[in-house]
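One structure below.
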Amino acid sequence: MSLWPRTLVVAQSLVLTIILSRINAVLGIPASIKPMDPIVVAGSNITFRCVLNTSATTQTVTDIVWYYKSYSHLIPRERYEVEDNISRLTLRNVTFADSGSYFCAFESDGRRIMRYQGSMLRVGMPPSPPTGLRCHSSNMQDFWCEWAEGTRTNLRTHFKFSYRQRYGSGDWKDCPKFGGRGRNTCVVSRNHNNGYSQLIRITSTNHLGSASSEIHFNPGTAAIPNPPTDVEIETLGSEELRVTWGFPSEWDDQIFAYFLEYRLEVITDHGGFTRMIPDVNHGEPYVKPRLYTISNLLPHTPYTVRVSCRSLGSYSADSWSAWSEPVRRRTAEAAPNAAVSEIQGQEYDSINDPAYQRDVFLQWKELPHENRRGKILGYDVDLRQMLANGSSSVVRTVRANGTMILLENLEKFQEYYVDLAVCNSAGRGPIASYFLADKTSEPGPPENVRVQNISETSALVTWQRPTRPNGYIGGYHVQWNKGTVGETSSNSVEVNGTQTSYTINGLEPNRLYQFRVKAKNSRGYSGWSNAPIQHMGGGSRMELLRTLISVLHNLLMDMGEDGASGNEIKLDAISSFL
């Protein structure tokens, strides 16, 4: 059984109990209960009095007990008082839950409820002003209002809708169609109002008081129309669409035909825009505002169009109607409007000259359908070589039928751009470029650096070219230090890239020197080569040993030098001192 039928049965039983207790008072306790069926404000106190007619019974007032709702809810005796022939039950700070029937009876009557005397207590609150009062109009003439009931009162509350012209002293009028738009609504048609600003009042009333809410509403300026109807689109070309539409439903197109302004929402898969109609800048007149040509669109692109409208008397952002049902149409074909994307390349050493030439394989993503704007005929591929002055020159042009191509025998140490453009019968699309970098990188260090004394003050330094030149070697940087690197300031010289030896003069005799070399190409210098140590002239073995120990200590502590062999000490150079 649902809650509602069960509640109804209980209420009927309580009412029946009270009625029977009053009808059969002569059969039950000879007493009267006061007050009868009171209505009180929540939070207040109330005292029920059961006045016993002592001449009609041999029992006394102390034999009286109190019940709440039924005989099964006996109220404890400590909650009521006895004085003379009166039994009093006081309820303090009552709440909604205290509502219900209260009975007095002789304890000996037990469950014979027809012998009880009862009173129905209703606990409630005065009504608060109705909330959420607002009104609506879709045609500047008819309007309807809605509201919410406000704070719960626990009492039956009645609502009265009244309205009159805002300015003046006209009489208040009652709602002509209560509940026309659902619960707590009122509909006022154009036959019951003059279309001007109205003063709207909702009054809520119950046994404890009344409260009201008021607003003013002007259907002529606050109307929000229904969406425009019969929206259609016509394709005029590759960049234009023409949109037409009808008046919104419920709108009087005879009286208020020119009291509307419109806006279009134009949507593509990549975004959209909104445009006001009439658009003075676009040259659309007020004479026929239900037609508009959308220009500067993308060719062969689907567009979705919706139309909204509002009354010319309303200028707020929330006075627009809902959007019409969307209509979709595609513009005519034209040349592609997007470049290819996701270009990927792989490079391989050329079979003909693997040291200095490369083959490049390119592939890319097929152009999306919305950007093709016609049947794809192929892809034009231009190979541009970058020149020293910053310009470029096209050195090769080919046509790819698919989304991949192999470009053979390109220079490794030269920059290129590969320009790709998709083609259809209307022409070429935008260019997408893929950069082929100059493969030159930092060279490897010179190898097998050796030093040979020519005299006590000169030495010949020789080396081998890097096995990893990584480009064209343009020169070498030769450096020597008295002692070890870092002990004293160094001396250096730049040597032409064709040389692999250099004679150093002006050295001090009877001194240790350390020598190293690094290579240079267009990307910069390599790391240092191995750094052999050479003694110039004679000297005692003990002096050489002390110097060598110092050299070894410094080299072992300095592990941060660049180059694959920058920390090597040639064993044959060390052994020559010992």
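Each value in this text was obtained by applying a stated rule to the coordinates, not by laboratory testing. Model, not experiment: these values are computed from the prediction. Every residue, glycine as well, gets a Cβ built from its backbone with ideal geometry; the counts of neighbours run over all protein chains shown.
Summary table below
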{"read-out": "Partners for Lys439 among aspartates and glutamates (Cα-Cα distance below 19 Å; same-chain residues under 8 apart left out)", "value": "Glu347, Asp349, Asp353, Asp359, Glu408, Glu411, Glu415"}
{"read-out": "Inter-part distance where the stretch 171-246 and the stretch 108-162 are each reduced to a Cα centre, Å", "value": "26"}
{"read-out": "Cβ-placed point charges (K, R +1; D, E -1), dipole of the stretch 229-330 about Cα centre in debye, nearest 20", "value": "200"}
{"read-out": "For the stretch 180-243, the spread of Cα positions along each principal axis, largest first, Å", "value": "72, 25, 21"}
{"read-out": "For the stretch 341-436, the fraction of alpha-carbon pairs in successive 5 Å shells from zero, as %", "value": "3, 13, 23, 22, 17, 12, 6, 3, 1"}
{"read-out": "Whole-Å distance, taken between Cα centres, linking the stretch 329-351 and the stretch 398-448", "value": "14"}
{"read-out": "Filtered chymotrypsin sites (Phe, Trp or Tyr not before Pro), the stretch 213-268: DSSP coil and at most 11 other beta carbons within 10 Å", "value": "Tyr258"}
{"read-out": "Loop trypsin sites (Lys or Arg not before Pro), the stretch 174-256, which have at most 16 other Cβ atoms in a 10 Å radius of their Cβ (DSSP)", "value": "Arg181, Arg183"}
{"read-out": "Ascending count of other beta-carbon atoms within 10 Å, so fewest first, for Met120, Met536, Met404", "value": "Met404, Met120, Met536"}
{"read-out": "Exposure proxy ranking, count of Cβ atoms within 10 Å, fewest first, for Tyr71, Tyr502", "value": "Tyr71, Tyr502"}
{"read-out": "Cα→Cβ-extended label distance, 7 Å offset, between Ala257 and Glu366, nm", "value": "5.3"}
{"read-out": "Order of Arg306, Arg112 under a 10 Å beta carbon neighbour criterion, fewest first", "value": "Arg112, Arg306"}
{"read-out": "Peptide ranges 463-476, 131-144 listed from the most packed, as the mean C-beta count within 10 angstrom indicates", "value": "131-144, 463-476"}
